[in-house]
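Quick notes on the structure that follows.
The values are calculated or read from the model by the stated rules, or taken from the named source; none is laboratory data. Just so it is clear, the structure is predicted and the values come from calculations on it, not from any experiment. In this analysis, Cβ positions are derived from the backbone assuming ideal geometry, glycine residues included, and neighbour counts consider all displayed protein chains. Areas reflect the complete protein model, heavy atoms only, side chains present, ligands, DNA and RNA absent. Shrake-Rupley method; radii C 1.70, N 1.55, O 1.52, S 1.80 Å.
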Amino acid sequence: MTGITSTRLSDGRELMYFDDAGTSTSRAGHLTTDHRGLPPRGEPGEVRFDALTDEWVAVAAHRQARTHLPPADQCPICPTTPGNASEIPAADYDVVVFENRFPSLGPALGPVPEHAGWGTKGPAYGRCEVVSFTPDHTGSFSGLSQERSRTVIEAWSHRTAALSAMTGIKQVFPFENRGADIGVTLHHPHGQIYAYPYVTPRAGVLGAAARKYYDATDGRETLTGSLLRAEREDGSRMVLEGTHFSAYVPFAARWPLEIHLVPHRQVADLAALDGEEKDELAHVYLDLLKRVDALYPTPTPYISAWHQAPLDDVLRPAGYLHLQLTSPRRAADKLKYLAGSEAAMGAFINDTTPESVAERLRNVAVPPSSTPAAALAANPEGASA
């Protein structure tokens, strides 16, 4: 079992150590106090209602002062050393989750204003957390061990359950921005978790489509489940299959590189996965990331986005956990930029074909793995069975 220990930083923010399963030393007796004497936390920013689109926009001007690409010896999420009193006071750790010092949302909790219209604004309630995958400053998620990958999954699951229970939270979103081309502000391998006080625009669109399909089948089928079944039957866009998870390039992929990783069983979120599913996910996710990184001579920038069912009575019954991994990289030396059609109209134009991308991902050379998913990944006929 993953060991979990909670403590507080000097400004009151919560920090949690997640230790790999089998760790023999109890961290409870080895906590280090944060001696930085940070100033008290400020009030939340604000959310403003965009009446033109019926969407909320967070305004977080205080984030202009956040840390931006510091040198390695001043990294804020490396373990603390005599020369660098970081956000993590311990001299070593496995996985750490802590409240962001410069949050887009929070730290206060509460609902967004009701009956919003032009001019409506309110506090940017919610919570933003940082997830450090490793104490090592260099590397990436794809380089983690299977055990460490499993610990990160347990941290995502734990935080999803805890954040979902907080006042006013409507959506919990674990994600990773990887690479300078995506706009990361820290090179250290890490991700984030946002807990929103509203259903985000993208989740609202996906949720509405899922609910429409769910109602049309009298609750017997889910949209994500039916798409998974169709992709497995077709086979041409499958990347890998396991006992509990499969990955494919979607039929109408928007991005030059886009893969969906979907559990075979409908679950609302990561917290609902059982132990066997989490164990396989630790394998399959690493396999997928290694394939993405092996496509080109240099690491591939990506956004890894876990879509979890919103905490909404209408949308949640039809919700279905899945990962959408996307990259703007369309060639070794080319990126796709969101210009007029995509940025202004939301009308995507893909420069690659989903079938060719899936074939490359199936056949790319990656380190060997003993998982069933990896064994099927190089066998398109098996993947379509």
Could you tell me which of the residues GLY235, GLY168, GLY204, GLY191 is open to solvent by less than 30 Å² (accessible area, probe 1.4 Å), within 26 Å of SER149 (Cβ to Cβ) and of a type in the set (Gly, Ala, Ser)?
-> GLY191
Which numbered condition trips up PHE18, out of (1) part of a strand (DSSP E or B); (2) farther than 25 Å from PRO189 by Cα; (3) open to solvent by less than 70 Å² (accessible area, probe 1.4 Å)?
-> (2)
Might you let me know whether region 275-287 holds any residue that is modelled with pLDDT of 95 or more, over 30 Å from ARG330 (Cβ atoms) and not in a helix (DSSP H, G or I)?
-> no
Boolean, SER145 is polar (S, T, N, Q), surrounded by fewer than 22 Cβ atoms within 10 Å (Cβ to Cβ) and either in contact with a Leu (Cβ under 9 Å, 6 or more places away or on another chain) or under 19 Å from GLU280 (Cα atoms) (or both) | yes
Given (1) surrounded by fewer than 22 Cβ atoms within 10 Å (Cβ to Cβ); (2) not in a strand (DSSP E or B), index of the condition PHE175 fails = (2)
In region 207-232, residues that are open to solvent by less than 50 Å² (accessible area, probe 1.4 Å), in contact (Cβ under 8 Å) with a residue 40 or more places away in the chain and under 23 Å from LEU281 (Cβ atoms) total 6
Filter region 74-118 down to the residues that are in a loop (DSSP other than H, G, I, E, B) and without any contact (Cβ under 8 Å) to a residue 12 or more places away in the chain, then identify the one that is surrounded by the most Cβ atoms within 10 Å (Cβ to Cβ).
-> SER86
Which one of the conditions (1) out of contact with any His (no Cβ under 7 Å at 6 or more places or on another chain); (2) assigned to a loop (DSSP other than H, G, I, E, B); (3) at pLDDT 95 or above does VAL184 fail to meet, given that it meets all the rest?
-> (3)
All conditions in (1) under 20 Å from VAL314 (Cα atoms); (2) more than 19 Å from the chain's Cα centre (by Cα) are true of GLU231 except (1)
Here the residues within region 125-141 that are in a loop (DSSP other than H, G, I, E, B) and either surrounded by fewer than 22 Cβ atoms within 10 Å (Cβ to Cβ) or free of Cβ contacts under 8 Å to residues at least 60 places away in the same chain (or both) are PHE133, THR134, PRO135, ASP136, HIS137, THR138, GLY139, SER140
Between residues in region 142-170 that are free of Cβ contacts under 8 Å to residues at least 40 places away in the same chain and residues that are basic (Lys, Arg), which pairs lie under 8 Å by C-beta distance while being six or more apart or on different chains?
-> LEU163/ARG127
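Taking the options PHE141, PHE133, PHE98, PHE102, name whichever one is out of contact with any strand residue (DSSP E or B) (no Cβ under 8 Å at 6 or more places or on another chain) and either of a type in the set (A, V, I, L, M, F, W, C) or modelled with pLDDT under 95 (or both).
PHE102
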Residue satisfying condition, being of a type in the set (Gly, Ala, Ser) and in contact with a His (Cβ under 8 Å, 6 or more places away or on another chain), within set ALA230, ALA203 | ALA203
Can you find even one residue in region 193-203 that is β-branched (Val, Ile, Thr), in a loop (DSSP other than H, G, I, E, B) and touching a residue at least 12 places away in the same chain (Cβ under 8 Å)?
-> yes
Kindly list the number of the only condition in (1) of a type in the set (S, T, N, Q); (2) within 25 Å of ALA282 (Cα to Cα); (3) out of contact with any strand residue (DSSP E or B) (no Cβ under 8 Å at 6 or more places or on another chain) that fails for ASN84.
-> (2)
Filter region 295-310 down to the residues that are open to solvent by 40 Å² or more (accessible area, probe 1.4 Å) and either over 17 Å from the mean Cα position of the chain (by Cα) or among the charged types (D, E, K, R) (or both), then identify the one that is farthest from SER157 (Cα to Cα).
-> PRO297
Residue pairs meeting the criteria (Cβ under 7 Å; at least 6 apart or on separate chains; first over 11 Å from ARG150 (Cβ atoms), in region 267-282; second open to solvent by 40 Å² or more (accessible area, probe 1.4 Å) and in a helix (DSSP H, G or I)) | ALA268/ARG316; ALA271/ALA161
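Condition test on TYR213, is it on the phi < 0 side of the Ramachandran plot and either of a type in the set (Lys, Arg) or not in a strand (DSSP E or B) (or both)? Show your work before the answer.
Details: on the phi < 0 side of the Ramachandran plot: yes; either of a type in the set (Lys, Arg) or not in a strand (DSSP E or B) (or both): yes.
The answer is yes for TYR213.
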